[in-house]
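A short write-up of the structure that comes next.
The values are calculated or read from the model by the stated rules, or taken from the named source; none is laboratory data. All of these numbers come straight from a predicted model, not from anything done at the bench. We place every Cβ from the backbone using ideal geometry, glycine too, and count neighbours over all the protein chains shown. Quick note on the areas: whole protein, heavy atoms, side chains included, nothing else; ligands and nucleic acids left out. Shrake-Rupley method; radii C 1.70, N 1.55, O 1.52, S 1.80 Å.
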Amino acid sequence: MAAPAYPAWVTRWVSGQWRNKKRPPTLRPPRALALADKVANRREQSTEATCITEMSVMMACWKQNDFNDAPCAEEIRMFYDCVAKAEKERKNQNEDTLSSRGNLPSSKVNKLLKRFPQITRYV
């Protein structure tokens, strides 16, 4: 197992080279340590296409029957059932605020940041 690689100044600081009235380097953040007013709108994880099989069966039936709906009623019903089921699952998934990794989507983070803005000055 390899030892972790630390920056050179950490090694000097731990070894005691900074003890003889020399100060360790100060760590200054490049920006103020405050949350931004909004986060970037990143795309949520793309969802896979649903009901492709049912749709292709329905279209094949239409093609065989010269695009007549009457003989393909069962295939059309199966396709609509699949779409309704997928839509219901998508709604249930959207009701859960956290994604599978436990993160909020960027749209919800922006709503929260707008609702609770950063205090930029003290009273």
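Residues of region 30-76 being among the small types (Gly, Ala, Ser) and part of a loop (DSSP other than H, G, I, E, B), which ones? Listed by number, the residues that qualify are ALA32, ALA34, ALA36, ALA40, SER46, ALA49. Annotation note: of MET78, MET58, the sole residue that is out of contact with any His (no Cβ under 9 Å at 6 or more places or on another chain) and open to solvent by less than 60 Å² (accessible area, probe 1.4 Å) is MET58. Filtering region 77-117 to residues that are at pLDDT below 90, small (Gly, Ala, Ser) and outside any loop (DSSP other than H, G, I, E, B) leaves SER106, SER107.
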